[in-house]
């Protein structure tokens with residue numbers, strides 16, 4: 001058996017607004033968007049560089065609820081980047097809030113930000129001498 005990919009599916013309170021945010025924050029390209037008869041997004045796919053994410057609107061009465069409705073999320077999305085400071089500034093400019101500012105660690109520059117929909121993104125920029 002081989003594994004081919006892991007594609008996060010983010011559940012958000014307003015998928016249309018989330019798509020706009022990810023476009024602004026990451027320069028994401030919308031690959032697909034499908035809505036039900038009520039206009040709720042049931043599936044959208046975005047790409048930024050080699051990274052892909054999917055997302056959908058919350059669906060009350062089902063387990064499909066976003067971080068705000070669940071009072072947080074146990075998942076941190078780690079995004080490897082070439083310039084953590086620049087990406088952090090771009091995210092803040094798009095509306096994210098800083099959880100931990102970007103700073104140095106033994107294995108690179110890292111910081112955490114929360115997007116307007118409650119998902120936490122950890123930016124990770126490898127240290128020049130870290131092969132790991």
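Observations on the model:
- Residue 41 meets each of the listed conditions (1) closer than 30 Å to residue 128 by Cα; (2) surrounded by 14 or more Cβ atoms within 10 Å (Cβ to Cβ); (3) outside the structural domain of residue 127 (by TED's automatic domain parsing) apart from (1).
- Condition check for residue 44: under 14 Å from residue 121 (Cα atoms) and in contact with a helix residue (DSSP H, G or I) (Cβ under 8 Å, 6 or more places away or on another chain): no
- Any hit, segment 61-74, residues being touching a helix residue (DSSP H, G or I) at 6+ places or on another chain (Cβ under 6 Å) and surrounded by 13 or more Cβ atoms within 10 Å (Cβ to Cβ): no
- Residue 120 being surrounded by 17 or more Cβ atoms within 10 Å (Cβ to Cβ) and over 19 Å from residue 51 (Cα atoms): no
- From the list 86, 94, the lone residue that is at pLDDT 95 or above and surrounded by 14 or more Cβ atoms within 10 Å (Cβ to Cβ) is 94.
- Among (1) exposed (fewer than 14 other Cβ atoms within 10 Å of the Cβ); (2) within 18 Å of residue 124 (Cβ to Cβ), the one test that residue 27 misses: (2)
- In the set (1) touching a residue at least 24 places away in the same chain (Cβ under 8 Å); (2) surrounded by 11 or more Cβ atoms within 10 Å (Cβ to Cβ), residue 47 fails one condition alone, (1).
The values are calculated or read from the model by the stated rules, or taken from the named source; none is laboratory data. These numbers come from a predicted model, not from an experiment. Using ideal geometry, Cβ is built from the backbone for each residue, glycine included, and neighbour counts are taken over all protein chains shown.
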